[in-house]
Amino acid sequence: MARNYDRRAVLAGLVGGALCPVCAGLAGRAFAAETPAAGDGAAEAGRAAVHWDYTGAGAPDEWGTLEADFRVCSLGMEQSPINLSGPMKAQLAGDVPTFADMPLTILHNGHTIQVNCALGSKSTIDGQVYELLQFHFHHPSEHVIDGRPAAMELHFVHKNAAGNLAVLGVMMEVGNAENAALAPIWAAMPATATPERNTGTMIKPAELLPAKREFWRYQGSLTTPPCSEGVLWTVFRDPIQMSQGQLARFAQLFPVNARPPQGRGRRFLLENM
């Protein structure tokens, strides 16, 4: 059950990254150094990629040992994803995504299907403007709600002018009908790792957001190596729907591409009132 909580200092710290200002700066620099084929995180540009995976050799419990830059995956205190349970009610200004229609620029980066976004889409999160950089998908969901995963999860990755990262998480569940906004993305999904490709098709990312915008918020990290911290997470409570066929198509390419939930520690999980 959510608990009421209205301490302004904690809210300001969570939203502005003040709970971990050094981590926020590191996350921004880490993201800026990533290759265009990155998901939530990747090897730095110009360096040989270190193999990591979701199962077998290089699975999540080994990420922190694969190279020095990945150590925070094991040692970090504010890692993502988490179990979304027992939040504290708080007065939050909310999120205002303003996503424009855009040409579909898609890639298979070896870990997920990613769409790189044209300039012009953004989200205003508690008064701060973040530019939408890319979005990608996980199967099953990385965040879980009271211990239960969703069928999939969609991550909209943003960065503000100061280089701080914010991610909007959208749960995805199976419904009766095909999701029309997903259809052109699914039709263009590469079956193997590929560079980005502009298909010439227009897509509507705004239609991949839930109609209702109640959410949880917490301070976390990238969910793939290097697991940099200082990332402001917003996860919407209501899922969007897709068809069983759409789920099966993605699952065929990525049977599992989700990091298990990490310990919450002493972090605050907030829920908008």
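Got at least one residue in the range 29-52 being modelled with pLDDT of 95 or more and touching a Phe, Trp or Tyr at 6+ places or on another chain (Cβ under 8 Å)? Yes: one or more hits.
On the given criteria, is R213 among the basic types (K, R) and buried (at least 17 other Cβ atoms within 10 Å of the Cβ)? Spell out how you get there, then give the answer.
Values: among the basic types (K, R): yes; buried (at least 17 other Cβ atoms within 10 Å of the Cβ): no.
When the stated conditions are applied, R213 does not pass them.
Restrict the check to the range 231-238 and report whether at least one residue is surrounded by 20 or more Cβ atoms within 10 Å (Cβ to Cβ), over 14 Å from D95 (Cβ atoms), in contact (Cβ under 8 Å) with a residue 40 or more places away in the chain and among the polar types (S, T, N, Q). Taking every residue of the range 231-238 in turn, none turns out to be surrounded by 20 or more Cβ atoms within 10 Å (Cβ to Cβ), over 14 Å from D95 (Cβ atoms), in contact (Cβ under 8 Å) with a residue 40 or more places away in the chain and among the polar types (S, T, N, Q).
Looking only at the range 68-82, which residues are touching a residue at least 24 places away in the same chain (Cβ under 8 Å) and surrounded by fewer than 17 Cβ atoms within 10 Å (Cβ to Cβ)?
First, the residues of the range 68-82 that are touching a residue at least 24 places away in the same chain (Cβ under 8 Å): 69-70, 72-73, 76-82.
Result: M77, single match.
Checked against the criteria, G120 does not count as out of contact with any Gly (no Cβ under 8 Å at 6 or more places or on another chain), of a type in the set (G, A, S) and touching a residue at least 40 places away in the same chain (Cβ under 8 Å).
Residues checked against (1) at pLDDT 95 or above; (2) under 18 Å from the mean Cα position of the chain (by Cα); (3) not β-branched (V, I, T):
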position	(1), (2), (3)
G163	yes, yes, yes
V167	yes, yes, no
E178	yes, no, yes
A183	yes, no, yes
P195	yes, no, yes
G200	no, no, yes
I203	yes, no, no
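Considering the range 90-149, and only residues there that are touching a Leu at 6+ places or on another chain (Cβ under 6 Å) and either over 18 Å from L165 (Cα atoms) or at pLDDT below 95 (or both), the residue that is surrounded by the most Cβ atoms within 10 Å (Cβ to Cβ) turns out to be A90.
Taken over the range 239-268, the criterion of being over 27 Å from G56 (Cα atoms), in contact with an Asp or Glu (Cβ under 7 Å, 6 or more places away or on another chain) and charged (D, E, K, R) is satisfied by R267 alone. Looking for whichever is hydrophobic (A, V, I, L, M, F, W, C), out of contact with any helix residue (DSSP H, G or I) (no Cβ under 7 Å at 6 or more places or on another chain) and farther than 24 Å from V144 by Cα here; the options are V96, V129. Which one fits? After applying the criteria, what remains is V129.
The values are calculated or read from the model by the stated rules, or taken from the named source; none is laboratory data. These figures come from a predicted structure and were not determined experimentally. Cβ: placed from backbone, ideal geometry, glycine included. Neighbour counts: every protein chain shown.
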